[in-house]
Each structure stands twice: as C-alpha cells, then as structure tokens.
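Quick note: the coordinates plus some simple rules give every number you see, no bench work behind them. Model, not experiment: these values are computed from the prediction. Methodologically, a virtual Cβ is constructed for each residue, glycine included, from the backbone with ideal geometry; neighbour enumeration extends over all protein chains shown.
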Amino acid sequence: MPKSLRLWMLTSSIVSLLGVALAIQQLGPHPLSSNSTSRRSADLNPPARPSRSGQEIAPQGLFAPPRGDVRLVVISDLNSQYGSTSYDPEVTKAIALIPGWQPDLVLSGGDMVAGQSRALSRVQIQAMWMAFDRTIAAPLRQAQLPLGFTLGNHDASGALSPTGSYIFNQDRQLASAYWNQQKPGLSFIDRAKFPFYYTFTQKDIFYLVWDASTAKLSAQQLAWVEKSLGSPPAQAAKLRIMIGHLPLYGIAVGRNQPGEYLENAEQLRSLMEQYHIHTYISGHQHAYYPGHRGQLQLLHAGALGSGPRQLVGSDRPPQKTLTIVDINLDSATTTYTTYDMKTLQVIHQQQLPRQIEGDNGTVYRQDVTIN
C-alpha cells in the first residue's frame, strides 16, 4: 500500500474517532449511567475477592480437598511415542477437569512433546508443539490459568556431544521458538534464558525453573541458580519452590540408575536447603511419590501420558496421576491430593512405600518423620 494512502487512512480514522467522541460529549451521560465515574473507579480498584482458603473445591463428582491459600495443579510427562501429535485419554481428561479445581497455577514437570530423536524432521517437531498447544496450552489459556513448566529431555534435551555442542539442538531451537511466542501468564523476574531456566513469582511464592533435562547441570546455570535464590525477590517471598525435569534421587523401576537423576544430588540438595527451598517438583521417573530428604520436600510427579512406572520396592501397579498441591503460607505447609486419572480415585499416601531406597539415596514419604 502506498505511504500516502496509509497516511490518508490513518488521518481519516482519527477524524472519525474525534467526531464520535464529540458527539458523545454533547449528548451527555446516558440516563442509565449516572454513576459511571464511581463504576470506573471501582474497575480500577476492584474489591478483594473473598478468600477461598478452606473451601472444598473439585470438579463435580470427585473428592474435593480443602483449598489452601494457594493451589497448584501439577502434571508431568504428557507425551506418547516419538513424534506423536496425539495424547492419551488421561491427558485430555485431566486438561478438561483442571479448571474445576480452581488452581492459581498449573505446573508441568516436562516431557510435553515426544522429541529427542534425530529421525524427526523440523516439520514433525513443529507439528508436535502445535498439537501440544491445541490439546493442552490453549485450553488452559482459555480458562485463564497460568502455566509454569520445565523442559524435559523429550522437549529440549541438553545432552552434549564430545565437542560440547547440543546433540538435539533442533529440538531446543524449536522449543524456544514455540515458547517465546506464547504468553503463559507468569509474572517473570528473570526470563533472559527462558524457556530453559527462569524465575517468576505468584501470590508470595518465588518459583525457580532450571534446565534439568539432563543429569549434569552446567557451572554457568548453577551460578545463575545461586544468584537468583539469593536475590531480594526470592528471599522476600513467603515460600520458594523449584521445578526441574530430572529428580535428585531415583525412585522408579527402570529409572533408578545414573543418567536418570541429577548428578551430585546431595550437593544440590544442600544448595537448596541453604536458600530455604521448600519443595523441589520433578518428573521423568514416571511415578508419583510425595517425599522428603533432609529439610527439602520432594514431589515426584507421576506420568499423565504414556509409560507410567512402578515405584522401587513396591508391588503397586503403575498409575497415571495428577496432583493438587494446597499451600498454607503462614505455616509453610503443603498438602497433596493425587488422583489416579484412569479411575479418578484418590491415591492415599499410606498406600505408598514408607521410604524408597534409591540408587543414590533414601527418600522418605512426606508424612514419615525421621528423628
């Protein structure tokens, strides 16, 4: 379009708008809008919503846990076979039910798509992210629910070649391209390395997401973690939560071995405890286990998609799960309500092993006190 024509159209639009505004001013206030000024003030300063803390809230027909000051929905490992653009029925069921729990935030423990295969083309990887958006991200946006997430090894593996380059660089580039086009509804503090690692706050809680898509964390990232955890926003928060794909300790059959949990787990846990991290939320093991070790709470989110696994030392069959986390800020306590997404029945903690003797350390169930 010629520049002169564009300028003419813009000028005409402005003149039209000014004419409408003048006409409205001459007409005076609408007879039904005599209190329009007070309504405008109210819109700018909406009344505080009544607290929902303590209310028993869940989708109709499901067990309804009492709501905390803050409520999270945690899902993880949503994907299916390599290259898949469809999701298991439990995933779509969960996404449809999530608004009924009325959470403040949805957190994903990673593996949202099924990459990490050199056989996949650029077009195939983009198609997976489009399917994720259509099936998961878009419904959550429509429900106006913020989505925090960590990238898993099947989303954007950080595995390095002997020369130090990313083996799955295409996966990482396309994951970054997708997420940097989205608006996940988060109040970011540091998003310079988003979506790989970043920080945000919500309702007096500080969240740090790190790139735990592989077992080894870089020195650069660890320096950023320590700086972020020591920052004023982190220390001023009432609670601090970290999210990463790989856990600190192995807890599941077939994943209880090096490479399937983070290296130097004890040093990492010590760092988290030094900066008063309340809970580390992880995925990857494909098994739900509410645990703790030392002063750190450990929420191992189960798989919602394909391939759930058994816990080490347990004869319980694998289950696809979704976890509600209700947080009491004053007491700094968390309550988990976890549903088997096939049956929609609650999984009680007492049904799970009292402790799990993993390959690199023992994790105790959340309700078990260690003297």
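Return the FRET efficiency for the residue pair residue 160, residue 192: r is the Cβ-Cβ distance, R0 is 25 Å, and the value is rounded to the nearest 0.05.
0.75
Tell me, what is the FRET efficiency for residue 126 and residue 274 to the nearest 0.05, using R0 = 35 angstrom and their Cβ-Cβ distance as r?
0.30
In whole Å, what is the distance between the alpha-carbon centres of segment 228-302 and segment 130-144?
Value for the Cα centre distance between the two parts: 27 Å.
Can you compute the charge dipole magnitude of segment 300-371 about its Cα centre, using +1 on each Lys and Arg Cβ and -1 on each Asp and Glu Cβ, nothing else charged? Give it in debye, rounded to the nearest 20.
260
With r defined as the distance between the Cβ atoms of residue 357 and residue 117 and R0 fixed at 41 Å, what FRET efficiency is calculated, to the nearest 0.05?
Computed FRET efficiency for residue 357 and residue 117: 0.80.
I need the helices of the chain that pass two filters: whole DSSP H segments spanning 20 Å or more by Cα along the axis, and mean Kyte-Doolittle score no lower than 0.5.
Answer set is 3-27.
Calculate, in nm to one decimal, what residue 310 and residue 203 gain on full extension: separation in residues at 0.36 nm each, minus their alpha carbon distance.
Length gained between residue 310 and residue 203: 35.0 nm.
Determine the gain in length on full extension of the stretch residue 62-residue 371; use 0.36 nm per residue of separation and subtract their C-alpha separation, reporting nm with one decimal.
107.6 nm
Kirkwood Rh, Cα Rg: Rg to Rh for segment 70-365?
For segment 70-365, the value is 0.93.
Note down the net charge around residue 220, summing +1 for each Lys or Arg and -1 for each Asp or Glu among other residues with Cβ under 13 Å from its Cβ.
Around residue 220, the surrounding residues sum to +1.
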